[in-house]
Amino acid sequence: MEPAQRDTHPLRLLAAAVVGRPVAISYLVDPAAPAWTDGERVFLSLERRGGEDARELLVQCALLAGQALHGMGLPALVGSIEQRQRYLLLEVERCARLIADRLPAPFLGELDAYRTGQCPASAEESLRIARGMTRLPRPPAWYGTLKPWSVLRRNARGGGRAMDAGKLDQLESQLSTVEPENIEQDEDALTRNPFWKLLSSPLGKDGFFSRFMREIFDMQSSPDGESAKSGVEGSSEMVSGRASSRIGDIRQALRTSLALAIPSAMLANEEGAHCYPEWDASQRRYRSNWTNVEEVAPGSEEPAFDTAILDGPAEIGFQRALATLCLGFRRHSGQPQGDGLVLDPMIRLAVDLRTGHSGDERIYSASLRTRRDLGVMVLLDTSSSTLECLGADRVFDRQARLAWQLVRSFELLGDRVALYGFHSWGRRLVRFQHVKAFDERLGGGSREPMAQLSVAGYTRCGAAIRHGVEMIDKRAGTPFKLLVLVSDGYPHDDQYEGDYAAADTRKALDEAAARGVACVCLSVGSDAESERLAAAYGSANYMSVANTTDLLIRLRGVMEHALAATTRRTAPGRAA
């Protein structure tokens, strides 16, 4: 199927120029909603799209470029609107000063009216001033607002894995047992609450909710009785006081952090986006132009992993397992035997024999299976679920190492190979992160984008498979084509889960086979249920193993089966 190219979205170009990387934009339905950012996406008011949103966008992009949301003091701003706005004012001034060469002169002129005279040198210093008594002007409405809880929520981790929607629902249900009105009237009400007892209990202090909430409340450990009575820092009395002022704000943030927003792709065209349908099994029909996929350069500000895990020679086991896949016939001269004679060697041999020499008898030509006819695309799942820890490393570390070894082995064997990472933030933002294209060589230049892969978001496999098939079908240029998906588990995204996601993934795999592209899904170290994975990917084309050694035993067979099945399906004259 042909993807529809979309035109340029002007504000996204402006945002990318200011921040230095692609920035997603969504529009808030509430006309009075202030602009804000969660560190990944900028939210603007739909009502002010006539030109005023450019000024709001520049403020939020300045905060992103100056890393105003990376400070360790964000939990201190939860529950204090006044301190938030003071911090916002100081950080806009600091960040705009850092990137003044990227900002329009008229915009810088408008900022001059709100100078504080403080000149903070870091986000930490801005926080210190914001929490002090220094008089500061009030920021204008177009400065927007800060939502520290949304940033903390997006980056929250529990036991090494991302905080998913299920855990957030459980957390909200626990918080709902705490009534802010009762807390204001009786501070002891919080400490008597079962939820607070869970945080303080020796049995519950190491649980997910306890660790997470203690981090938000700056609660290092459960105090002893004397500390509680003394009111020293970290005691129950001090912590409950902080919680009293923040608990209502946190409850509200949980309910509103997924505020109704429209991705800019729905309102205006996005640069470089490709549209694909999605299969709705319940309705037994496609949703046309339902998903957007865009190709971007990796832009993580911090390395996703230590590239030292990629060092060392290519695994000889991988090369041995993959060496005979899809070999085509190539004519070779200078053979000791064959089905044809080569004139020049034959003349040299005749001359040598006439002059009394033995001569070289390799005068034949023969067709041998030595031509590499395989094009391979390796798709690496870079969703946040791959950050789960497995002993000394993470699922992502193991799967990144596997993807690199596959790509390096295929290239050393002479196949055309490409490597991309992918994740999604809903149906309108599926990102393909470019590491290596088919026409590029795998070398030192490929390690940097590999290390800068952004590991975040979710796994909308159907859209990723469809775009991968489109790319390999157009760019591989080989008779045989193979798509290798390296993922930690089953597909999951906003309104894309369960039977719906599994059916769309299976449909995308069927579409790939119909176009002559074989697909294989590999997983190393994942704890996902095999039955659910097989339902989504098919038991014949999916392989989950504990380590690379187990993978090598079965790798060749799985790939050969997928390639053979696809070849039979697309063979000329096959009955429909």
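For the range 440-559, what class follows from the C-alpha gyration tensor (a ≥ b ≥ c being the square roots of its eigenvalues): rounded when a/c is under 1.5, otherwise prolate if a/b is larger than b/c, else oblate? Note, shape of the range 440-559 comes out rounded.
Does the range 421-493 come out rounded, prolate or oblate by the C-alpha gyration tensor, with a ≥ b ≥ c the root eigenvalues, rounded set by a/c under 1.5 and, if not, prolate when a/b is larger than b/c and oblate if not? It comes out oblate by the Cα gyration axes. A straight chain from R441 to Q495 at 0.36 nm per residue would run longer than the Cα-Cα distance by 15.6 nm. A simple packing score, the average count of other Cβ atoms within 10 Å per residue, orders the peptides 120-130, 276-286 as 120-130, 276-286, with the highest score first. Using the Cβ-Cβ distance between D101 and N547 with R0 = 56 Å, the FRET efficiency computed as 1/(1 + (r/R0)^6) comes to roughly 0.65. A simple spin-label model places the labels of E560 and D280 4.4 nm from each other, with each point 7 Å out along Cα-to-Cβ. Which shape class, rounded, prolate or oblate, goes with the range 329-369 when its Cα gyration tensor gives a ≥ b ≥ c as root eigenvalues, a/c under 1.5 marks rounded, and past that a/b bigger than b/c marks prolate? It is prolate, given that a/c is not under 1.5 and a/b is the larger ratio.
If contacts are Cα pairs under 8 angstrom and at least 6 residues apart, what is the relative contact order of the range 329-369 in percent? Write out the running numbers ahead of the final one.
Details: 69 pairs, mean separation 25.3, N = 41.
Reported as a whole number, the value is 62 percent.
Rounded to 0.05, the FRET efficiency of the I316 and R568 pair, given R0 = 45 Å and the Cβ-Cβ distance, is 0.90. Carbon and sulfur together cover what percent of the accessible area of the range 357-396 at a 1.4 Å probe radius? Answer for the range 357-396 is 49 percent, counting heavy atoms of protein chains only.
How do 82-93, 432-443, 351-362 rank on mean C-beta neighbours within 10 Å, highest first?
Values: 82-93: 21.8, 432-443: 16.9, 351-362: 11.3.
Result, highest mean first: 82-93, 432-443, 351-362.
The values are calculated or read from the model by the stated rules, or taken from the named source; none is laboratory data. Note that this is a predicted model, so its numbers are computed, not measured. Note that we place each Cβ from the backbone using ideal geometry, even for glycine, and neighbour counts take in every protein chain shown. The area values use the complete protein model at the heavy-atom level, side chains included, leaving out ligands, DNA and RNA. Shrake-Rupley method; radii C 1.70, N 1.55, O 1.52, S 1.80 Å.
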